[in-house]
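Colleague: One structure is given below, represented as structure tokens, and several questions about it will come after.
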Amino acid sequence: MKKLSICLVTLLWAASLFSSASLAATNLPDNLLWLTNDQDPVYASPNAIKGGTLRNMLISFPLTLRYVGPDSNGSFRPAVLGNQMSLIEEHPNTHNLLPALATHWAYSDDNTTMYFKLNPHAKWSDGKPVKASDYAFTLTFMRSKEIVAPWYNTYYKKQIKEVIIYDEHTISVSTTKPKPRDELHSHISITPTPQHFYADMSNFVRKFNWKIAPNTGAYQISKIKKGKSITFSRKKNWWAKDLKYYKNRFNVDKVRYSVIRDLNIGWEYFLKGKLDSFVTTLPLYWHKKATGPEFDNGYIHKLWFYTDAPMPSVGLWLNQDKPLFKDINIRLALAHAFNIEKVNQQVLRGDYSRKHNIHSGFGKYTNTKIKAREYNLDKADKYFNKAGWEKRGRDGIRVNKAGQRLSIPVTYGNEAHTPRLVVLKEEYKKAGVELVLRKMDSAASFKSVLEKKHDAWWGGLIGGRKPQYWGQFHSENAHKSQTNNFTNTDDSKIDTMIDAYRSAMKTDERIKLAHALQQRIHDLGAWIPRLDTPYIRIAYWQWIQFPDVPGTRMGGPAISAFDLSQGGLFWIDKKLKKTTLTARKKGTTFTPVTRIDETFKVNIQ
Amino acid sequence: MHFQLNPLTQKKIQRFKSIRRGYYSFILFTLIVLLSCFAEILVNSRALLVHYEGSWHFPTYGAVIPGKVFGLDYSYETNYRELEKHFNNDSKNFIIMPPIPFNAYENDLKTSAFPPFPPSFKDSHYLGTDTIGRDVAARLIYGFRTAIFFSLILLVVSYLVGVSIGAAMGYFGGLFDLLFQRIIEIWSNIPFLYVIMIVSSIMIPNFLTLIAIILLFGWIQLTWYMRTVTYKEKAREYVMAAKALGASHSRVIFYHILPNTISIIITFIPFSLASGIIALTSLDFLGFGLPAPTPSWGELLSQGSNNLESLWIVSSVIVSMTVILVMVAFIGEAIREAFDPKQHTTYE
């Protein structure tokens, strides 16, 4: 019986395979313009040396090595996915496309399909070649019920239409709906899935929980100590090691992740030299913890690296379904009484920069003309008075004619933000506004925001590489729960622009519309911008070496060992490691180094 | 004076007074609690008294006085510390500030340095500031007031429930007793901390809801003791006599049995008081207590333990906690001595 059911499953699968991937049924269109890229600058350093072990920490041991299915969305997932190559990658500095598993690509005229010429040398980590059918199998795999990943099931059914195999090294991937040129590849550049490895998918979740799946990237897991550590080893004969954009990258021989359950203890390990680097972006780490003999003696260096990547849309989201926020005067008044600069300058050490636009860091898509409303109590006062909140009560908080106090509950879910809100609360008192801080568990706070129960929400969303508006500002998503329109914006002008933006295919047109949309969002004032963190800061032992520009526009210094688009730029200088360790024993010193790299810093005046 | 203390009670008080460390702790403790009721006079950003252009102002308990009243250029609440500096060159006007001129909420930030600031007499931050520039002494004192009144209210309500149920169990016995014993056994196996965590994740706890949640699990302890003593007392002749006279159940329990078990209750009070303070502090420490920015010891403790290099935060709260809890323990010890039934019995 069991055998029969397995047979059936296999049959069903084969059937679905044929339906999603028509094998050489059609011919390639004649007029394809094949593109490739070897013109963009290389961002790795020719001085890189191979060898050494990079030691990282993990807060908890992963619950699985799968990258789909239950428990797979943990902090270890990037390490697994970072070694799965896509058809093409994006250059992290120029944003042009780069060859990866495909050497050439071409677009269809209807903006739904891309064609790829596959690199014939591509190999899985078990030595088997990467076949065209492995791409078609990705659809079967991602659509199958066995992986227990409903989001992926839906995405690969509704967004990706099909993979067509023309010959062994030529395929095409299409989306169900046309996408703008500059976005199409991000939907279409899928990763292959090793069909030979997943031959039997029954009981997928349990069977493949701890199986090491073949990959195409530079490293593969070589050792697992359950509950303690996971080690990746560099593939000595990685098929892509001499390709232009992968040369001199992925230099360390081994990358070991050890479980250290507490950040403070992790920091102590780092100071002892048992971890090679540590992220010190938070002011507390950068200014206070990252001081002392190891830093003064030059054993550990510090790096402040500015990036130019899309920033999360952090702000104060005012729910316009609440009667108070229906009045634009109140919204504008609150923006003018928002003394975030005081928080930044006097509590956060001025490390952050004021956010002006809901979509900052999106390159040309960002409308840099928009400036956040400045802190000005007189202006705030005028707007409050206009809205009918002239009088102040005994406690200095404004009251309207109906005797209602101007008290605003602010929902938030991050304990680390309490200090900022506490200072803002005191500042808002000056304007005659009472903020009531509603700190909830982060999941619970987001749930209440999704259900639109909030008055004001202190939070933000991390988006994709291109700005999106429909989910957050279209009236179709207003006044209902489980949508991202947290301000309940219901504005016909915005709706028209969003519809135009979604159907526009030309980049120029989209940029123009994005700018107009950002301006309209600013004018409505239901979203008050907070602060941006356009940088990453790390501390690292001096034997870690970086290229002249230690990172890329999109990411911080490439202390991430794997990411195929921007990781693996650093290397370990073993000689220097020996010298440093003996110097520390003997007490000899080096010059302390704090490096600030502003290559990608964006200056907003 | 028509109110005459029972000679036995007088004897107990006498004995309590003779245990000196307990007695002095009691006086000191009462004094601190009383003083904390008037914390606004001692610790406040509002001035006690302002004499401006011939008129007198007493801002402490009144409405907000906007800066414009004192010739300043803003309409929000006057910053009296700055007003004091402003008045310094002026002989006509003067201002009297409280000994600690900060409230527990305001951020006293500087442009040249970043909080936490160490203790400084010059800035009147006698115990320094916390990580967002709030005065540690002010937060300590207001936090104490919150904690002690929280604990007192919790004590009263949980004793009301615990004593009534315990006494009823002992008095009625039988099925009622059996049923409640099982209920309590099951109830006490519910992990208290998880319940708190779940509740505070779906709603924002306030002073009263926190008391209610802790009460939900706090009444159990006393019931066992009350049940046992009531069982013992129930069998005595005076109870039978009262019943024979036709007294109702509640009259027998509350007028006859309860006064004879009072020594047990009183003995537990100081320890319950201490545990109430500890409960609130630990909940605040874990972030499940009163919402920010309520001044609280637990919040200070968690700030202190995250900023061990700013020793003044953690040391002030630990020293205060130790002093208060030791005092309470001394009082408890003295009460237990004074009420020891081995020396005084109220039945013949």
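The values are calculated or read from the model by the stated rules, or taken from the named source; none is laboratory data. Since the model is a prediction, treat every value here as computed from it, not as a measurement. So basically every Cβ, Gly included, is an ideal-geometry build from the backbone, and we count neighbours across all protein chains shown. Ligands, DNA and RNA are excluded from the accessible area calculation, which covers all protein heavy atoms including side chains. Shrake-Rupley method; radii C 1.70, N 1.55, O 1.52, S 1.80 Å.
Colleague: Only one of B:Tyr126, B:Tyr80 is away from chain A (no Cβ under 13 Å), of a type in the set (Ser, Thr, Tyr) and surrounded by fewer than 20 Cβ atoms within 10 Å (Cβ to Cβ); which?
Modeller: Numbers: B:Tyr80 fails: surrounded by fewer than 20 Cβ atoms within 10 Å (Cβ to Cβ).
Among B:Tyr126, B:Tyr80, only B:Tyr126 is away from chain A (no Cβ under 13 Å), of a type in the set (Ser, Thr, Tyr) and surrounded by fewer than 20 Cβ atoms within 10 Å (Cβ to Cβ).
Colleague: Can you name the number of the only condition in (1) outside any helix (DSSP H, G or I); (2) free of Cβ contacts under 8 Å to residues at least 12 places away in the same chain; (3) within 28 Å of B:Leu273 (Cα to Cα) that B:Phe149 fails?
Modeller: Against the list (1) outside any helix (DSSP H, G or I); (2) free of Cβ contacts under 8 Å to residues at least 12 places away in the same chain; (3) within 28 Å of B:Leu273 (Cα to Cα), B:Phe149 comes up short only on (1).
Colleague: Next question, about the same structure. Output the strands (runs of 3 or more DSSP E) that fall wholly within the range A:240-346 and possess 1 or more residues being away from chain B (no Cβ under 14 Å) and closer than 30 Å to A:Val433 by Cβ, or say none. If you could, list the steps in order and put the result at the bottom.
Modeller: On the way: elements: A:254-259, A:277-279, A:300-306, A:315-318.
Hits in the range A:240-346: A:315-318.
Colleague: Right, another one. Does at least one position in the range B:149-159 carry a residue that is farther than 30 Å from B:Phe217 by Cβ and either among the small types (Gly, Ala, Ser) or away from every other protein chain (no Cβ under 14 Å) (or both)? Before you say what the answer is, go through the steps one by one.
Modeller: The initial filter retains those residues of the range B:149-159 that are farther than 30 Å from B:Phe217 by Cβ, namely none.
No.
Colleague: So if I check each of B:Arg15, B:Arg20, which one is closer than 24 Å to B:Met327 by Cβ and in contact with a helix residue (DSSP H, G or I) (Cβ under 6 Å, 6 or more places away or on another chain)?
Modeller: On the way: B:Arg20 fails: in contact with a helix residue (DSSP H, G or I) (Cβ under 6 Å, 6 or more places away or on another chain).
Testing whether each residue is closer than 24 Å to B:Met327 by Cβ and in contact with a helix residue (DSSP H, G or I) (Cβ under 6 Å, 6 or more places away or on another chain) leaves just B:Arg15.
Colleague: If you don't mind, there's one more thing I want to ask. Restricting to the range A:111-142, count the residues that are closer than 22 Å to A:Leu65 by Cα, open to solvent by 50 Å² or more (accessible area, probe 1.4 Å) and either of a type in the set (Gly, Ala, Ser) or not in a loop (DSSP other than H, G, I, E, B) (or both).
Modeller: Of the residues in the range A:111-142, the ones closer than 22 Å to A:Leu65 by Cα are A:123-128, A:130, A:134-135, A:137-142.
If we keep only those that are open to solvent by 50 Å² or more (accessible area, probe 1.4 Å) as well, we get A:123, A:126, A:128.
Those still in the list that are either of a type in the set (Gly, Ala, Ser) or not in a loop (DSSP other than H, G, I, E, B) (or both) too: A:123.
Count: 1.
Colleague: Let me ask you something else. Would a scan of the range A:69-91 turn up a residue that is more than 27 Å from A:Ala309 (Cα to Cα), aliphatic (A, V, I, L, M) and modelled with pLDDT under 95?
Modeller: Start the filter on the range A:69-91 by keeping residues that are more than 27 Å from A:Ala309 (Cα to Cα), which leaves A:69-71.
When the remaining residues are screened for being aliphatic (A, V, I, L, M), the result is none.
No, the range A:69-91 has no match at all.
Colleague: Something else now. If you take the residues of the range B:193-206 that are crowded, with 16+ Cβ neighbours inside 10 Å and not aliphatic (A, V, I, L, M), which of them is farthest from the other protein chains (Cβ to nearest Cβ)?
Modeller: Top of the filtered list is B:Pro205.
Colleague: Report, ordered by the first and then the second residue, all pairs with beta carbons closer than 7 Å, sequence separation of six or more or different chains, a first member in the range B:152-168 that is under 21 Å from B:Leu208 (Cα atoms), and a second member that is outside any helix (DSSP H, G or I) and not charged (D, E, K, R).
Modeller: Close Cβ pairs satisfying both conditions: B:Ser158/B:Trp219; B:Val161/B:Trp219; B:Gly162/B:Trp219.
Colleague: Still on this model: Of all residues in the range B:47-77, how many are crowded, with 18+ Cβ neighbours inside 10 Å, within 14 Å of another protein chain (Cβ to nearest Cβ) and farther than 23 Å from A:Ala337 by Cβ?
Modeller: Residues meeting the conditions: 1.
Colleague: Could you list, in sequence order, all residues of the range B:286-313 that are modelled with pLDDT under 90, among the hydrophobic types (A, V, I, L, M, F, W, C) and within 21 Å of A:Asp262 (Cα to Cα)?
Modeller: B:Leu286, B:Phe288, B:Leu308
Colleague: Which fully enclosed strands (runs of 3 or more DSSP E) of the range A:519-605 have 3 or more residues being modelled with pLDDT of 90 or more and touching a Ser or Thr at 6+ places or on another chain (Cβ under 8 Å)? Quick ask: steps written out before the conclusion?
Modeller: On the way: elements: A:527-529, A:535-541, A:594-597.
Passing ranges, in order: A:535-541.
Colleague: Moving to a separate point now. All but one of (1) more than 14 Å from chain B (Cβ to nearest Cβ); (2) part of a helix (DSSP H, G or I) hold for A:Val423; state the number of the condition that does not hold.
Modeller: Tallying (1) more than 14 Å from chain B (Cβ to nearest Cβ); (2) part of a helix (DSSP H, G or I), A:Val423 fails exactly one: (1).
Colleague: Moving on. Among the numbered criteria (1) open to solvent by 60 Å² or more (accessible area, probe 1.4 Å); (2) more than 30 Å from B:Ser302 (Cα to Cα), which single criterion is violated by B:Ser112?
Modeller: All conditions pass for B:Ser112, except number (2).
Colleague: Same structure again: Please name all residue pairs, on different chains or six or more residues apart, with Cβ atoms under 6 Å, provided the first residue is in the range B:98-120 and is closer than 18 Å to A:Leu421 by Cβ and more than 10 Å from chain A (Cβ to nearest Cβ) and the second residue is open to solvent by 20 Å² or more (accessible area, probe 1.4 Å) and of a type in the set (Phe, Trp, Tyr).
Modeller: B:Ala104/B:Tyr142
Colleague: Suppose the filter is open to solvent by less than 20 Å² (accessible area, probe 1.4 Å) and farther than 27 Å from B:Ser124 by Cα; does B:Gly22 pass it? Steps first, please.
Modeller: Numbers: open to solvent by less than 20 Å² (accessible area, probe 1.4 Å): yes; farther than 27 Å from B:Ser124 by Cα: yes.
It is true that B:Gly22 is open to solvent by less than 20 Å² (accessible area, probe 1.4 Å) and farther than 27 Å from B:Ser124 by Cα.
Colleague: Then there's this: Is it true that A:Ile260 is in contact with a strand residue (DSSP E or B) (Cβ under 6 Å, 6 or more places away or on another chain) and farther than 20 Å from A:Gln545 by Cβ?
Modeller: When the stated conditions are applied, A:Ile260 passes them.
Colleague: Next up: Of all helices (runs of 4 or more DSSP H) completely enclosed by the range A:427-507, which ones contain at least 3 residues that are under 29 Å from A:Ser407 (Cβ atoms), open to solvent by 20 Å² or more (accessible area, probe 1.4 Å) and more than 14 Å from every other protein chain (Cβ to nearest Cβ)? Break it down into steps so the answer makes sense when it comes.
Modeller: Working: elements: A:442-450, A:470-473, A:492-503.
By residue number, no helices (runs of 4 or more DSSP H) qualify.
Colleague: Turning to a different aspect of this structure: Filter the range A:390-420 for residues that are outside any loop (DSSP other than H, G, I, E, B), without any contact (Cβ under 8 Å) to a residue 60 or more places away in the chain and open to solvent by less than 20 Å² (accessible area, probe 1.4 Å) and give the result.
Modeller: Answer for the range A:390-420, where residues must be outside any loop (DSSP other than H, G, I, E, B), without any contact (Cβ under 8 Å) to a residue 60 or more places away in the chain and open to solvent by less than 20 Å² (accessible area, probe 1.4 Å): A:Arg398, A:Thr411, A:Tyr412, A:Thr418.
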